[in-house]
Protein chains: 2
Amino acid sequence: MGEAGTALTRGRIDKRRAILDAALRVFDREGYDRAGVDVIAAEAGVAKATVYNHFGDKETLLRQAFAALSEEALARNLAAVAPLADRDGDLRALLEDAGLRLVRCYCAPHSWTLRRLLAAEAGRFPDLLGLVQDGVADRVNEALADRLARLVLAGRLRAADPALAAEQFGGLLCGSLDRRTRLGTREVPEEEMREVARAAADTFLRAFGTGEL
Amino acid sequence: MGEAGTALTRGRIDKRRAILDAALRVFDREGYDRAGVDVIAAEAGVAKATVYNHFGDKETLLRQAFAALSEEALARNLAAVAPLADRDGDLRALLEDAGLRLVRCYCAPHSWTLRRLLAAEAGRFPDLLGLVQDGVADRVNEALADRLARLVLAGRLRAADPALAAEQFGGLLCGSLDRRTRLGTREVPEEEMREVARAAADTFLRAFGTGEL
DNA sequence: AGGAAACTGGACCGGTGAGTCCATTCCGGC
DNA sequence: GCCGGAATGGACTCACCGGTCCAGTTTCCT
């Protein structure tokens with residue numbers, strides 16, 4: 001018994017992971033308050049008591065889920081920015097590519113789960129806000145600023161405050177995405193993402209590019 | 001009796017307004033689910049039954065509050081964009097000013113209430129999403145695009161897709177604001193808003209300005 | 001094999017909150 | 001000055017949910 005409907009109970013140690021995943025799904029679908037621990041347990045294919053064994057209470061469950069989510073988001077965002085370190089490639093292509101990767105991160109379902117949950121619960125759990133802002137958003141912006149600074153130093157971008165430029169590149173990328181994705185409700189086709197990234201890179205280069213071409 | 005703590009009971013017809021305001025405050029503070037109708041009633045200086053007389057149930061209360069909020073937001077945003085119709089003024093100053101006004105809208109407490117609530121409840125009440133996106137965000141973007149198009153026609157901006165340019169201007173303005181305001185938690189000083197607006201106008205003009213000046 | 005630790009299912013408690021009801025009181029218009 | 005509709009408050013129902021408990025079973029480690 002116990003194989004009905006759920007992913008077959010595997011190694012038996014990663015129940016924890018299953019619970020976390022289920023929690024994320026349910027939190028996202030119903031919101032933190034309306035999410036019943038019973039439901040989460042059921043969706044994880046686990047008894048309610050098991051949930052309380054792993055995490056002491058609902059609140060810690062939320063925090064852990066958050067932590068997992070932002071860890072993942074951070075990694076993916078940093079990876080998106082990393083290729084900008086390339087010193088020789090075609091600058092426009094490089095920017096466009098990084099932009100596209102960032103946009104993909106931004107549009108990923110998990111990313112929306114994170115933002116939605118954060119917006120909803122930031123008032124009640126201010127620490128989560130710190131976790132995500134300082135722990136993810138700021139770090140990514142910083143990393144991006146670093147890359148841009150290098151590019152300025154290499155004479156491939158016009159001088160500017162790198163942190164500000166990074167912020168603005170982000171803005172160009174994501175400014176329209178809230179609307180276009182309808183707050184994560186609608187899935188954006190790859191082609192549209194590409195357009196957004198291209199437009200952002202375009203505008204950014206017009207503003208900050210040297211005439212190098 | 002009845003004057004304790006609350007705005008003194010005035011004309012006796014705008015109880016409705018009082019309830020709506022209180023609802024907004026409580027929804028914002030506690031979130032929709034945790035907001036007790038009793039609390040809203042108390043904060044409005046009104047009996048619970050009165051709330052149910054005016055609005056049938058909690059859900060309609062939310063919707064009405066939303067409607068009021070987005071109406072207000074729309075008006076203020078459109079007003080912010082309007083001055084751009086000026087055909088002669090200093091372009092940079094004009095953009096900077098419109099930008100500043102938009103930023104102020106974006107940072108206004110009511111604006112954050114709207115966004116937070118929307119993010120949290122968009123899943124459960126998809127119609128609200130439509131109301132705000134189509135009814136406010138799109139309209140504002142369109143209005144901005146209109147102004148930009150005129151400026152292009154007048155030879156004061158380089159040709160570009162106006163809708164896209166408007167989107168990007170918005171992105172430049174607001175991209176950093178989520179972080180800077182810590183999701184509406186922190187109040188941004190006027191000076192900082194001004195800087196953001198200036199930086200946005202700056203970058204925008206570098207990308208889309210003719211060398212006119 | 002055997003025992004400890006984890007897991008299960010389900011009953012259970014206590015609190016909370018939406019929505020209803022009603023007898024009473026208040027208030028504005030005629 | 002009086003009448004009818006709105007407002008009051010407070011009690012009440014009903015459902016749901018977080019968290020606990022427990023007796024029985026599974027799983028893993030040695």
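The values are calculated or read from the model by the stated rules, or taken from the named source; none is laboratory data. Because the structure is predicted, anything quoted here is derived from the model rather than measured. Cβ placement follows ideal geometry from the backbone for every residue including glycine, while neighbour counts extend to all protein chains displayed. Please note that ligands, DNA and RNA were not included when accessible areas were found on the heavy atoms of the full protein model with its side chains. Shrake-Rupley method; radii C 1.70, N 1.55, O 1.52, S 1.80 Å.
Structure above, values below:
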read-out: Cα-centre dipole for the stretch B:59-208 with unit charges at Cβ (Lys and Arg positive, Asp and Glu negative), debye to 20; value: 260 debye
read-out: For the stretch A:7-56, radius of gyration divided by Kirkwood radius, i.e. Rg to Rh on alpha-carbons; value: 0.95
read-out: C-alpha long axis of helix A:91-107 to longest principal axis of chain A, angle in °; value: 20 degrees
read-out: Per-copy distances of the A:Gly36 label point, shortest first, in nm (7 angstrom along Cα→Cβ); value: 2.3
read-out: Residue-span extension gain [A:Asp138 to A:Arg124] - 0.36 nm each, minus C-alpha spacing; value: 2.9 nm
read-out: Whole-Hz couplings from phi, Karplus 6.51/-1.76/1.60, listed for the stretch A:41-49; x for Gly and Pro; value: 4, 4, 5, 8, x, 8, 7, 4, 4
read-out: Partner lysines for B:Lys48 [C-alpha distance under 22 Å; skip if fewer than 8 residues away on the same chain]; value: B:Lys15, B:Lys58
read-out: Using alpha-carbon coordinates, inclination of helix B:162-174 to the longest axis of chain B, degrees; value: 60 degrees
read-out: Additional length obtainable on full extension of the chain from A:Ala75 to A:Glu191, 0.36 nm per residue less Cα span; value: 39.3 nm
read-out: Buried on assembly, the stretch A:191-213 (at least 10 Å² less accessible surface than by itself, 1.4 Å probe); value: A:Ala199, A:Thr203, A:Arg206, A:Ala207, A:Phe208
read-out: Surface accessible to a 1.4 Å probe, B:Glu212 within the full protein complex, Å²; value: 90 Å²
read-out: For the protein assembly as shown: accessible area per residue (Å², 1.4 Å); value: 48 Å²
read-out: Selected from B:Ala44, B:Ala85, B:Leu74, residue furthest toward positive end of dipole (the stretch B:7-88; charges at beta carbon); value: B:Ala44
read-out: Debye intensity ratio I(q)/I(0), log10, chain B, q values 0.09, 0.13, 0.17 Å⁻¹ (C-alpha model); value: -0.44, -0.79, -1.11
read-out: Residue among B:Gly36, B:Gly175, B:Gly123 with the largest mean-square fluctuation in a Gaussian network model of chain B, springs linking Cα atoms under 10 Å; value: B:Gly123
read-out: B/A buried area, accessible surface, summed, 1.4 Å probe, Å²; value: 3200 Å²
read-out: The stretch B:195-212 - phi-based ³J(HN,Hα) in whole Hz, Karplus 6.51/-1.76/1.60, Gly and Pro as x; value: 4, 4, 4, 5, 4, 5, 4, 3, 4, 4, 5, 4, 7, 10, x, 7, x, 2
read-out: Inter-site label distance for A:Arg150 and B:Thr210 at 7 Å from Cα along Cβ, in nm; value: 4.1 nm
read-out: Chain lengthening between A:Ala49 and A:Asp86 when straightened (0.36 nm per residue, less Cα-Cα); value: 8.2 nm
read-out: Listed residue (A:Phe204, A:Ala18, A:Leu151) projecting farthest to the positive dipole end of chain A, Cβ model; value: A:Ala18
read-out: Average beta carbon contacts from partner chains per residue of A:27-34, 10 Å cutoff; value: 3
read-out: Accessible surface of the protein assembly as shown, 1.4 Å probe, proportion on carbon and sulfur as whole %; value: 53 percent
read-out: Value of [θ]222 nm, deg cm²/dmol, for the protein assembly as shown, DSSP H segments ≥ 4, -39500 (n - 2.57) each, nearest 500; value: -21500 deg cm²/dmol
read-out: Debye log10 I(q)/I(0) at q = 0.09 Å⁻¹ for the protein assembly as shown, Cα point scatterers; value: -0.64
read-out: Residues in the stretch B:99-124 that, when all protein chains are in place, have 30 Å² or more less accessible area than the chain alone would give (probe 1.4 Å); value: B:Arg116, B:Ala119, B:Ala120, B:Arg124
read-out: Reciprocal mean inverse distance between Cα atoms of the stretch B:106-213 - Kirkwood radius, Å; value: 15.5 Å
